[in-house]
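The values are calculated or read from the model by the stated rules, or taken from the named source; none is laboratory data. All of these numbers come straight from a predicted model, not from anything done at the bench. Virtual Cβ from ideal backbone geometry, glycine too; neighbours counted across all protein chains shown.
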Amino acid sequence: MQKGDVIDVTFMNCKLLRDFYEDCIQEAKEKGVLFSLHLKATMMKTSDPIMFGHCVKVFFKDVFAKYADTFAKLGVNANNGLGDVYKKIASLPEAEKQAIEADIMATYEKRGAMAMVDGGKGITNLHVPSDIIIDNSMPTAIRDGGKMWNTADKHQDFLATIPDRGYGCTFDEVVKFCQQNGSFDPKTMGSVPNVGLMAEKAEEYGSHPNTFEIKKTGTVHVVTNGSNKILRGLKCHKGDIFRGCQTKAEPIKDWVKLAVSRARANDFPNAKVGPCKAIFWLDTARNHDVVLMNLVQQYLPLHDTTGLDIEMMSPMQAMRVTCERAKEGLNTISVTGNVLRDYLTDLFPILELNTSSKMLSIVPMLNGGAMYETGAGGSAPKHVQQFEKENHLRWDSLGEYLALQCSFVDIGKTNPKGKVLAAALEKAVSAFLVANKNPGRKVKEVDNRGAHYWLARYWADEIAKQSEDKSLQTVFLKTATDLADNEAKILQDFIDCQGDAVDLGGYFRVDKEKANKAMQPSEAFNNIISTLGKSVS
């Protein structure tokens, strides 16, 4: 810990969490709507899987009570979802396995219907913790009119269960706004770029050693290294989830600087659009945020904020104002912590276009350079499942194309070739969008591989047209010609490979050789790219 760092601790009382789940399950059943849990177990690697597991055990409490000894013997882990139950009981004698499965199915009659990931296969959103990811699932459900899928693969009203008041309340504000004002119009909707407070080791994500499950009832003390001075103490019970958060001084200073820079860069005042507003999403009801607010007020005067519209609001108020401005066609910069950054950079693109893949995030690094990333991580599991099932990858890489273009812009500041490549890629992406070469959703349509062909084709064409760099022009003139001459063959290869199941050698960690074979089915395309690589190496 260094001077200027902000230290905070909190914990989740798991008895209250289970009570909360039970209340939500009962409410959903009484209202005749789907019960649905929304967490982010993919990133909150310690806390959210545990909260997910509690929900599994609460919903199926009779099953877990009746078969407690059997599940203990089999090593069933509720944190891995209902799918782990099915996986472990598969080794039991058929009669015993069928009895457990029957009791699981009977639970839906007693406890109520649940939102489905795959209704045809009976896969609920309690089967696998990574199947329902809040930053994708909530915006998609809101855009769909507040509905999720039932067992008949039909849309139905649902109760969104979010065991975190900070993020649950912000989504609630969006729901209320859409109920009152209707859906957003993509043709006129304002944009919401984000400046996130990026911690040096993702402290806010709960995937670090300072987040853990309490092993025994008692008091957890936070102490300084060396002096063992007690900074904070929390009384917790066995099974509670403890989380420590350390936000370092340098990232906080950089966060404020980036907010001012982004507000200046995105300020496009005119009669129709109006000036861009930057909002720090900080809540005076949270001690941690109050400390950050004081630091923001301390650091803002270090920068030129003349003519800029910068405010601090609670997340709920900030969400309300941001939605109002977006509806009016006004741009708003959300200046948030790391987790809200992740949620918002999915929320607004999905509300606008029903996907967050068509956006990019640029994260300047403290020691120079930047990280370029795209959205839509929340939809990735479904894309992978479809790819494995029928060798069709509908992943939309537009955000990646945009991120690549921005990275070449940065390279172009010191390397003239980077500038040429960036300018050509920008034109290529425009041509790609005008021609609508995005991946289709269904098997035997152009998928991600075909989209990459078109992007490569348009990019090579643009580099071949330019005259600023003759060496690049010469190399890419041949590439552009080869891609055009082999168009029919390449695109047919990308269609012919689809339809059958594909083995990637894994799900979260694929086999590189198998994945390459699946993603590179066209020898004609592979040869052109290989020849290009030799020409520019």
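Table: residues versus (1) surrounded by 23 or more Cβ atoms within 10 Å (Cβ to Cβ); (2) under 14 Å from the mean Cα position of the chain (by Cα); (3) modelled with pLDDT under 75.
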position: Thr332; (1), (2), (3): yes, no, no
position: Asn338; (1), (2), (3): no, yes, no
position: Leu347; (1), (2), (3): yes, yes, no
position: Ser356; (1), (2), (3): yes, yes, yes
position: Leu366; (1), (2), (3): no, no, yes
position: Ser379; (1), (2), (3): no, yes, yes
position: Arg394; (1), (2), (3): no, no, no
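Among the residues here, Asp482 does not qualify as at pLDDT below 95, acidic (Asp, Glu) and either over 19 Å from Ala380 (Cβ atoms) or surrounded by fewer than 18 Cβ atoms within 10 Å (Cβ to Cβ) (or both). Considering Ala435, Ala451, the condition of being loosely packed, with under 15 Cβ neighbours inside 10 Å, out of contact with any helix residue (DSSP H, G or I) (no Cβ under 6 Å at 6 or more places or on another chain) and at pLDDT 95 or above is satisfied by Ala435 alone. Taking each residue of the range 162-180 that is within 21 Å of Asp23 (Cα to Cα) and looking for partners that are surrounded by fewer than 18 Cβ atoms within 10 Å (Cβ to Cβ) and of a type in the set (A, V, I, L, M) with beta-carbon atoms closer than 7 Å, six or more apart or interchain, yields Cys169/Met316; Thr170/Met316.
The set of residues in the range 79-137 that are within 28 Å of Lys147 (Cα to Cα) and polar (S, T, N, Q) comprises Asn79, Asn80, Thr107, Thr124, Asn125, Ser130, Asn136, Ser137.
One residue alone among Lys413, Lys442, Lys389 is touching a residue at least 60 places away in the same chain (Cβ under 8 Å) and either part of a helix (DSSP H, G or I) or in the same structural domain as Arg457 (by TED's automatic domain parsing) (or both), and that residue is Lys389.
Considered as a group, the residues in the range 513-537 that are surrounded by 11 or more Cβ atoms within 10 Å (Cβ to Cβ) and among the charged types (D, E, K, R) include one that is farthest from Pro129 (Cα to Cα), and that residue is Glu523. The residue that is nearest to Val335 (Cα to Cα), among those in the range 183-199 that are in contact with a helix residue (DSSP H, G or I) (Cβ under 9 Å, 6 or more places away or on another chain), part of a loop (DSSP other than H, G, I, E, B) and not aliphatic (A, V, I, L, M), is Pro193. Counting only residues that are surrounded by 11 or more Cβ atoms within 10 Å (Cβ to Cβ) and either in contact with a His (Cβ under 7 Å, 6 or more places away or on another chain) or free of Cβ contacts under 8 Å to residues at least 40 places away in the same chain (or both), the range 63-72 holds 6 of them.
From the list Ala152, Ala106, the one residue that fits, being over 23 Å from Met44 (Cα atoms), in a helix (DSSP H, G or I) and without any contact (Cβ under 8 Å) to a residue 40 or more places away in the chain, is Ala106.
What do you reckon, is Glu250 at pLDDT 85 or above, within 22 Å of Ala370 (Cβ to Cβ) and within 27 Å of the chain's Cα centre (by Cα)? Considered against the rule, which asks whether it is at pLDDT 85 or above, within 22 Å of Ala370 (Cβ to Cβ) and within 27 Å of the chain's Cα centre (by Cα), Glu250 comes out as yes.
Tell me yes or no: at least one residue of the range 31-40 is assigned by TED's automatic domain parsing to the domain that holds Asp157, surrounded by fewer than 19 Cβ atoms within 10 Å (Cβ to Cβ) and modelled with pLDDT of 95 or more. Yes; the residues of the range 31-40 include at least one that is assigned by TED's automatic domain parsing to the domain that holds Asp157, surrounded by fewer than 19 Cβ atoms within 10 Å (Cβ to Cβ) and modelled with pLDDT of 95 or more.
Just one of the listed residues (Pro129, Pro139) is within 19 Å of the chain's Cα centre (by Cα), touching a residue at least 24 places away in the same chain (Cβ under 8 Å) and not in a helix (DSSP H, G or I), namely Pro129. Condition first: surrounded by 13 or more Cβ atoms within 10 Å (Cβ to Cβ), over 19 Å from Glu390 (Cβ atoms) and among the acidic types (Asp, Glu). Can you find one or more residues in the range 491-509 that meet it? No, the range 491-509 has no match at all.
Listed here are the residues, each with its yes/no results for (1) surrounded by 19 or more Cβ atoms within 10 Å (Cβ to Cβ); (2) assigned by TED's automatic domain parsing to the domain that holds Trp281; (3) modelled with pLDDT under 90.
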| residue | (1), (2), (3) |
| --- | --- |
| Ala160 | yes, no, no |
| Thr211 | yes, no, yes |
| Val223 | no, no, yes |
| His237 | no, no, no |
| Phe242 | yes, no, no |
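Assigned by TED's automatic domain parsing to the domain that holds Thr531 and more than 29 Å from the chain's Cα centre (by Cα): does that describe Glu487? So Glu487 fits the description; yes. Listed conditions (1) among the hydrophobic types (A, V, I, L, M, F, W, C); (2) farther than 22 Å from Thr140 by Cα; (3) touching a Ser or Thr at 6+ places or on another chain (Cβ under 9 Å); (4) surrounded by fewer than 22 Cβ atoms within 10 Å (Cβ to Cβ) are all met by Leu295, apart from (3). Would you confirm, using the coordinates I've provided, whether Pro521 is at pLDDT 95 or above and within 30 Å of the chain's Cα centre (by Cα)? For Pro521, the condition - at pLDDT 95 or above and within 30 Å of the chain's Cα centre (by Cα) - is met.
Of all residues in the range 308-336, those that are farther than 24 Å from Gln179 by Cβ and without any contact (Cβ under 8 Å) to a residue 60 or more places away in the chain total 5. Do the conditions hold for Lys15, that is, is it more than 19 Å from Ile132 (Cβ to Cβ) and either touching a Phe, Trp or Tyr at 6+ places or on another chain (Cβ under 6 Å) or not in a helix (DSSP H, G or I) (or both)? Against the criterion (more than 19 Å from Ile132 (Cβ to Cβ) and either touching a Phe, Trp or Tyr at 6+ places or on another chain (Cβ under 6 Å) or not in a helix (DSSP H, G or I) (or both)), Lys15 does not qualify. Within the range 84-97, does at least one residue satisfy the condition of being out of contact with any Lys or Arg (no Cβ under 6 Å at 6 or more places or on another chain), assigned to a helix (DSSP H, G or I), assigned by TED's automatic domain parsing to the domain that holds Glu109 and buried (at least 21 other Cβ atoms within 10 Å of the Cβ)? Scanning the range 84-97, I find at least one residue that is out of contact with any Lys or Arg (no Cβ under 6 Å at 6 or more places or on another chain), assigned to a helix (DSSP H, G or I), assigned by TED's automatic domain parsing to the domain that holds Glu109 and buried (at least 21 other Cβ atoms within 10 Å of the Cβ), so the answer is yes.
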